[in-house]
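The values are calculated or read from the model by the stated rules, or taken from the named source; none is laboratory data. The shown structure was predicted, so the numbers you read here are calculated from the model rather than taken from an experiment. Glycine gets a Cβ as well: all are built from the backbone with ideal geometry, and neighbour counts include every protein chain shown. These accessible areas exclude ligands, DNA and RNA; they are computed on the full protein's heavy atoms, side chains included. Shrake-Rupley method; radii C 1.70, N 1.55, O 1.52, S 1.80 Å.
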Amino acid sequence: MAYQFSLADVGYLAGPAGADALNLAAALAVTDATLLADLTAARRFAGGHAAAVVETVRLRRRAVGKLGERAAGWLLTDEALQQASPWPVARHRADRLVAAGVHDVTCSIGTDLAALNAAGHSPLLGSDLDPVRLAMAAFNLPGVPLVRADALAPVSRKLVVYADPARRSDGRRITSVSTVPSVAELDAAYPDRPPVLRLPPGIDYDDLDRPGEVEIVSLDGAAREAVLWPDAFAAGGVRRRASVLASDGTGWQITDLDGDGDDGTAAGAIDEWIVDPDPAVVRAHLVRHYAARHGLHQLDPHLAYLTGTAPPAGTRAFRVLDVAPYAEKTVAQWVRRDGVGTLEIKQRGTPVIPDELRRRLRKAMSKDTRTAATLVIARIGDAATAYWCRADPPAGAG
Ligand SMILES: C[S@@+](CC[C@H](N)C(=O)[O-])C[C@H]1O[C@@H](n2cnc3c(N)ncnc32)[C@H](O)[C@@H]1O
């Protein structure tokens, strides 16, 4: 279980003795294998605070990967770091918020506040119920006013309200009541200024039926969040937007006002390439818009797999080498014929479980792991179809 920081820990870590101890501890290895030895060493210079010091060193190293060098000197908890938005995502959201003053009503250790600050929003206010996280935020963001408050009892009057409620861990389907506080509670607390909300990317947003725009944001190919923008922030009548970001700073967007949506992109026969759109596009229900923009069409009207003569520039895609009704025997023949040692399996709309199929195909696989193939299995109409492909770029390239 992760270390539970106390207010006393934060007071120590934020003071001069804590700073000295953290400097000394920065030289420790802090791996699973060295943890006990690290704690023994840290006790010599941090006494009863050794565990808090060593945990902070461990979390800071992880935080730099997610939040950049700015977090190298932050105070964090394991859970708060897991909940924090990756920096490019936080910054993208902060840049979209054209408001001047913002109140982050669930500010935790202050990641989103830091991004709002970097984007130039002023004045800023942060609040949270958790006193330890607030004390950490005060250390991480000197100069930003913070107050301990319940998000459901407003302590600001004019600032734009931003909330990133915690996720409930129970229940598999993510709906309007899956967060603490819930969307309905937050909306009721701020009737005159509906909050900008950051929610899990899998949220069933049609269910929420909230006026404004839903933006699904992905980073490096993984969906990271759904942002509900109230009407005042939904530019030009856009209702759904996919924002596809990459850690190298590149990115693109598509909205429901782009492309030709439901017209002119009927599903049809397989072409030279299969394209699996970014999860932000799929979750924003913008697959047809994306297909229209890139001259592609769906393999089946119910599936997100697209096909065409050329993939969109810079997009990983799958050149189709063979097509057959799906049967394990056929796939095993393809694997043997091509001497494949690395097999990527993708499926949509069928009961096939890729890891289990790969295990069953092990006997047919070659030892040469440099020879790779991708098997795409898709339910077309009522039957599963197998597409034997070469990925470009190959799996793991990059
Ligand atoms: C997902 S985290 C927010 C992460 C944050 N946006 C960041 O940048 O790191 C959710 C936060 O909501 C806080 N919280 C939960 N219920 C709350 C309430 N009723 N009022 C204020 N904060 C609350 C939790 O303590 C937690 O810090």
Listed by chain and number, the aspartates and glutamates with an alpha carbon less than 17 angstrom from that of Lys363, same-chain partners under 8 positions apart left out, are Glu328, Asp338, Glu344, Asp355
Among Ala235, Gly65, Ala42, the residue whose Cα sits farthest towards the positive end of the charge dipole of the chain (+1 at Cβ of Lys and Arg, -1 at Cβ of Asp and Glu, taken about the Cα centre) is Ala42
Placing each pseudo-label 7 Å from Cα in the direction of the beta carbon, His302 and Ala383 end up separated by a distance in nanometres of 1.6
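Is it possible to state the helix-based mean residue ellipticity at 222 nm for the chain, with each DSSP H run of 4+ residues giving -39500 (n - 2.57), the sum divided by total residues, to the nearest 500 deg cm²/dmol? What is it?
Values: 14 runs with 124 residues, N = 398.
Value at 222 nm, helices only: -8500 deg cm²/dmol.
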Rounded to whole angstroms and listed largest first, the alpha-carbon spread of the chain along its three principal axes comes to 67, 55, 35
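For Glu272, what is the net charge nearby, where nearby means another residue's Cβ is under 14 Å from its Cβ and Lys, Arg count +1, Asp, Glu -1?
Spelling it out: positives minus negatives among the neighbours equals -1.
Where nothing but the Cβ of Lys and Arg (+1) and of Asp and Glu (-1) is charged, how large is the charge dipole of segment 320-398 around its Cα centre, in debye to the nearest 20?
Numbers: 14 positive and 9 negative charges, 58 e Å.
Result for segment 320-398 is approximately 280 debye, rounded to the nearest 20.
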Mean accessible area per residue over the chain (1.4 angstrom probe, all protein chains present, square angstrom) is 47
Restricted to segment 197-335, the DSSP antiparallel beta bridge percent, nearest 5, is 80
So, over other residues within a Cβ distance under 15 Å of His92, counting Lys, Arg +1 and Asp, Glu -1, the net charge is -2
per DSSP, antiparallel bridges as share of beta bridges in the chain, % nearest 5, sits at 60
Computed over segment 278-395, the Cα gyration tensor eigenvalues, each multiplied by 5 and square-rooted, give semi-axes in Å (largest first) of 26, 16, 12
If R0 = 41 Å, then Arg293 and Leu152, at their Cβ-Cβ distance, give a FRET efficiency to the nearest 0.05 of 0.50
Expressed in nanometres to one decimal, the distance between label points 7 Å along Cα→Cβ at Ala235 and Thr371 is 5.1
Any aspartates and glutamates whose Cα falls less than 14 Å from that of Lys158, other than same-chain ones fewer than 8 residues away, would be Asp104, Asp192
Charge tally for neighbours of Trp334 with beta carbon under 12 Å away, counting Lys, Arg as +1 and Asp, Glu as -1, is +1
Carbon/sulfur accessible area of the chain, % of total, 1.4 Å probe, equals 52
Hits for the chain under the membrane-span-like helix rule (DSSP H, Cα axial span at least 24 Å, Kyte-Doolittle mean at least -0.5) are 50-67
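Report the charge-dipole magnitude of the chain in Debye, nearest 20, computed about the Cα centre from +1 at each Lys and Arg Cβ and -1 at each Asp and Glu Cβ.
1140
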With label points set 7 Å from each Cα along the Cα-to-Cβ direction at Arg336 and Asp392, the distance between them in nm comes to 3.0
